[in-house]
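Heads up: the structure comes next, in structure tokens.
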Amino acid sequence: MIIVTDVDGTLLDDSERVPADTLSALTEALASGHRLVLATGRPPRWLSDVLEQLPLRPTCICANGAIIYDSEHDRMDAVHPLDPKAMRSIVRAAREAIPGITIAVERAGNSAFNPESELFVVTPDYAPTWDTDAPGMEDDDKILRIPATKLLLRHEGMSSAQMAKVLADRIPSDLGYITYSVDEGLLEVSHPGITKATGLVDLGFAPEDVVAFGDMPNDIEMLRWAGTGVAMPHAPAEVREAADEVGTIAEVLGRRF
């Protein structure tokens with residue numbers, strides 16, 4: 001069995017720790033010969049604090065499927081970037097629909113330990129939704145010249161759900177895949193068709209071999225694709241509706257082992 005779990009709100013609690021019962025259930029499953037994969041919106045550079053809590057260094061589907069990261073060898077095994085022309089079209093359409101949107105990009109680099117200024121680049125007016133040490137800073141024109149694994153659209157006066165509703169019919173699916181993992185006025189745009197589910201396909205898994213856990217809209221495709229999709233109890237309705245069952249990692253694995 002392949003155990004695939006989202007990170008924030010699923011594997012981690014509110015203090016960004018793996019709860020003891022979750023760790024115990026995962027450790028028992030791994031000892032029985034099953035495999036663990038992380039599937040997250042986070043880029044590889046944000047995984048060190050998570051990986052140090054686990055008993056192994058798993059394969060990681062990062063940036064909502066745009067990067068397949070070998071955490072044991074610090075290697076990007078696959079990268080699916082957005083091209084500059086598509087990003088410019090997306091930003092233009094987004095700003096026509098929602099004036100005041102600011103932008104940032106995540107870039108893959110060749111290591112999770114490249115300088116943050118190379119991997120996370122923002123425009124001067126961008127307000128990060130998380131603490132960041134030293135992002136790069138470029139104007140709109142420069143930031144959209146280089147392919148990116150994720151384009152971030154930010155508006156402080158709206159929720160992510162509100163933004164997604166407005167832009168649903170404004171940005172064609174052949175330009176980019178839009179989702180969100182926090183509801184703080186931040187949308188995440190990936191290469192067209194790229195999701196956590198396509199990351200699992202990239203890895204050669206069969207749906208019937210996968211039990212997947214998630215809690216936010218960026219998990220929906222993965223939960224639908226997996227043989228067993230599990231939504232966390234606090235997940236919004238659309239996520240729970242996409243899953244086969246609702247429960248925590250410890251509860252679900254506890255019933256299996």
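The values are calculated or read from the model by the stated rules, or taken from the named source; none is laboratory data. Being a predicted model, the structure only gives us computed values, none of them experimental. Here the Cβ positions follow ideal geometry from the backbone for every residue, glycine too, while neighbour counts run over all protein chains shown. For accessibility, only protein heavy atoms count, side chains too; no ligands or nucleic acids. Shrake-Rupley method; radii C 1.70, N 1.55, O 1.52, S 1.80 Å.
The table that follows gives values for the structure above.
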item: Lysines whose Cα lies under 27 Å from that of Lys142, excluding same-chain neighbours fewer than 8 positions away; result: Lys85, Lys150
item: Distance between the range 204-257 and the range 31-107 - C-alpha centres, whole angstrom; result: 19
item: Distance in nm between pseudo-label sites at Ala78 and Glu245 (7 Å out along the Cβ direction from Cα); result: 2.8
item: Folded to 0 to 90 degrees: helix 20-31 orientation relative to the chain principal axis, Cα; result: 70
item: On Cα atoms only, tilt of 84-97 relative to the major axis of the chain in degrees; result: 80
item: Kirkwood-type radius of the chain, with distances r between different C-alpha atoms, in Å; result: 18.4
item: Three-way shape call for the range 96-153 based on the alpha-carbon gyration tensor, with the a/c threshold at 1.5; result: prolate
item: Calculated FRET efficiency for the pair Lys142/Ser48, C-beta based, R₀ 25 Å, to 0.05; result: 0.30
item: Förster-model FRET efficiency, 41 Å R0, Arg255 and Asn114, C-beta, rounded to 0.05; result: 0.50
item: Label point distance in nm, Lys165-Arg88, each placed 7 Å from Cα along Cα→Cβ; result: 3.3
item: Portion, in percent, of the accessible area of the range 84-190 that falls on carbon or sulfur, probe 1.4 Å; result: 49
item: Whole-number accessible area per residue in Å² for the chain, which is evaluated in the context of all protein chains at 1.4 Å; result: 43
item: For the range 149-257: rounded, prolate or oblate by the Cα gyration tensor [a/c cutoff 1.5]; result: oblate
item: Calculated P(r) tail over 18 Å for the range 84-190, as whole % of Cα pairs; result: 44
item: Calculated FRET value between Ala134 and Ser24, using beta carbons and R₀ = 45 Å, to 0.05; result: 0.75
item: 20 Å cut-off, amide nitrogen to a point 7 angstrom out along Asp183 Cα→Cβ, residues in the range 1-34; result: 6-16
item: Neighbour net charge for Asp14 - beta-carbon separation under 13 angstrom, K R +1, D E -1; result: -3
item: Net charge contributed by nearby residues that have their C-beta within less than 15 Å of Pro81 (K/R +1, D/E -1); result: -1
item: Beta bridges per DSSP with both ends in the chain, % antiparallel, nearest 5; result: 55
item: Net charge, Pro192 excluded, C-beta distance under 11 Å - Lys, Arg +1, Asp, Glu -1; result: -2
item: Shape call, the range 10-78: gyration tensor on alpha carbons, a/c limit 1.5; result: oblate
